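The values are calculated or read from the model by the stated rules, or taken from the named source; none is laboratory data. Everything numeric here is computed off the predicted structure, so don't read it as measured data. Virtual Cβ from ideal backbone geometry, glycine too; neighbours counted across all protein chains shown.
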Amino acid sequence: MQFLLSAFYFFYFAIVGIYVIFLPKVLAIVGYSGVEIGIVFATAPLVRFFVPFAFIKGIKLNKKVFNTALAIIVGASLLFYITLHDFYALILTNILFGIGLSLILPYVEVIALSVITKERYGRVRLFGSIGFIVVALVLVKFLSGVDIAIFYLIFMSIMTAIIGYFVAKMEPEEIDEVVTNEGGKINVFSHWSLWVGLTLMQVGFGPFYNFFTIYETDHGMGMDMTIYLWSFGVVMEIFMLFFQGKLLQKNILLILQFTTFITAIRWLLLFSFPQSLEISFLTQSIHAFSFALFHSAAISYLFTLYKKRRLAQQFFLGITYGLGGFVGALYSGYVYEYFTTYLFLSSAIVAFAAFLFIRYEAAKSLHVN
């Protein structure tokens, strides 16, 4: 099972690598404006936000739904090739793609956290980072046209579907029984400051996920060097995932405070020194904390906080990466279009706000205990 999970993360995050590194640039090459790119990339996370609410009404994220989601991402990746030059058709394709992505990761995350310890989770999850960096380094060498990026997206989607099918087939039965049939509910409002903080963290990532490649190339970085920056950030991410086990045995809310605060510093540095290659590499090194450690700490904390673990992971991806990603993509498109200079200053402000909300949640937790 550990091998299958590692392979799934590899191909799933290879898709993410193509999606966040190359597709924005592809859309810019095709002729879409900053606002249009922001709107397109806002639709998928918005879908992620709404999908979990369907499961409150009794729908279960079971193997049948999971396998259907795998088929959806394959079909949507094929549609990207057909709809690339039609703005509204492209939005619909991206919505379909977002539905698929919003369902498959929480299903696998619960399996991973259930069959391996949270201390060992990072060493399995790091294969996702490897997939991300491999596709980045390979695709940049062969990106001679927009069709190549779409071809890679289709191939990685097919491989993700194949591996995902076998992961679901080998899922231990007791996981489904314990998680889907137990009592309890997801009460977001009882920990509202935590959810606001987690969501704002992803809002602040909007300029990075959607415009980092464009931002760096606009400031004189070559495409090759920009990919090296992406890759360096992922190498730092892999390093953290490998060694983070002992950290996750500590105070997780404290870890979340630290990662949000240092992320605010990361974006502030990128805003202050947009043409400095050294500072760009420094900010990318912080990705080890602002993505790898933050993500692992967040899902680990929610895994212990709520009884309905699979639904909790859906809400995490739906509210934070979904709603947060939607707002981040939308606002960053407008900031890039009209206030380009302040793109990452806005990220720094939002990340600092995330730190304040999580700090407030930690203070509440200490008071209750």
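The figures follow:
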{"quantity": "Residues being of a type outside the set (Ser, Thr, Tyr) and farther than 12 Å from residue 102 by Cα - total across the range 59-82", "calculated": "14"}
{"quantity": "Residue match in the range 32-48 (condition: farther than 24 Å from residue 340 by Cβ and not hydrophobic (A, V, I, L, M, F, W, C))", "calculated": "yes"}
{"quantity": "Condition check for residue 279: more than 17 Å from the chain's Cα centre (by Cα) and within 27 Å of residue 38 (Cβ to Cβ)", "calculated": "yes"}
{"quantity": "Enumerated helices (runs of 4 or more DSSP H) restricted to the range 1-100, each holding at least 2 residues that are more than 28 Å from residue 221 (Cβ to Cβ), of a type in the set (Val, Ile, Thr) and free of Cβ contacts under 8 Å to residues at least 40 places away in the same chain", "calculated": "63-83"}
{"quantity": "Residue within the range 110-120 that is in a helix (DSSP H, G or I), touching a Gly at 6+ places or on another chain (Cβ under 9 Å), of a type in the set (D, E, K, R) and surrounded by fewer than 19 Cβ atoms within 10 Å (Cβ to Cβ) present", "calculated": "yes"}
{"quantity": "Tally, over the range 29-49, of residues that are under 15 Å from residue 84 (Cβ atoms), among the aromatic types (Phe, Trp, Tyr) and modelled with pLDDT under 90", "calculated": "1"}
{"quantity": "Residue 278 being of a type in the set (D, E, K, R), within 14 Å of residue 344 (Cβ to Cβ) and surrounded by fewer than 24 Cβ atoms within 10 Å (Cβ to Cβ)", "calculated": "no"}
{"quantity": "Residues of the range 317-337 satisfying the condition of being small (Gly, Ala, Ser) and either modelled with pLDDT under 90 or touching a Cys at 6+ places or on another chain (Cβ under 6 Å) (or both)", "calculated": "318, 322, 325, 329, 333"}
{"quantity": "Any hit, the range 283-291, residues being more than 24 Å from residue 124 (Cα to Cα) and either among the acidic types (Asp, Glu) or at pLDDT 90 or above (or both)", "calculated": "yes"}
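Matching residues to (1) within 19 Å of the chain's Cα centre (by Cα); (2) more than 29 Å from residue 141 (Cα to Cα):
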site: 12; (1), (2): yes, no
site: 20; (1), (2): yes, no
site: 51; (1), (2): yes, yes
site: 115; (1), (2): no, yes
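Residue by residue, here is whether (1) surrounded by fewer than 21 Cβ atoms within 10 Å (Cβ to Cβ); (2) closer than 30 Å to residue 124 by Cα; (3) at pLDDT 95 or above holds:
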| position | (1), (2), (3) |
| --- | --- |
| 309 | no, yes, no |
| 315 | no, yes, no |
| 339 | yes, no, no |
| 359 | yes, yes, yes |
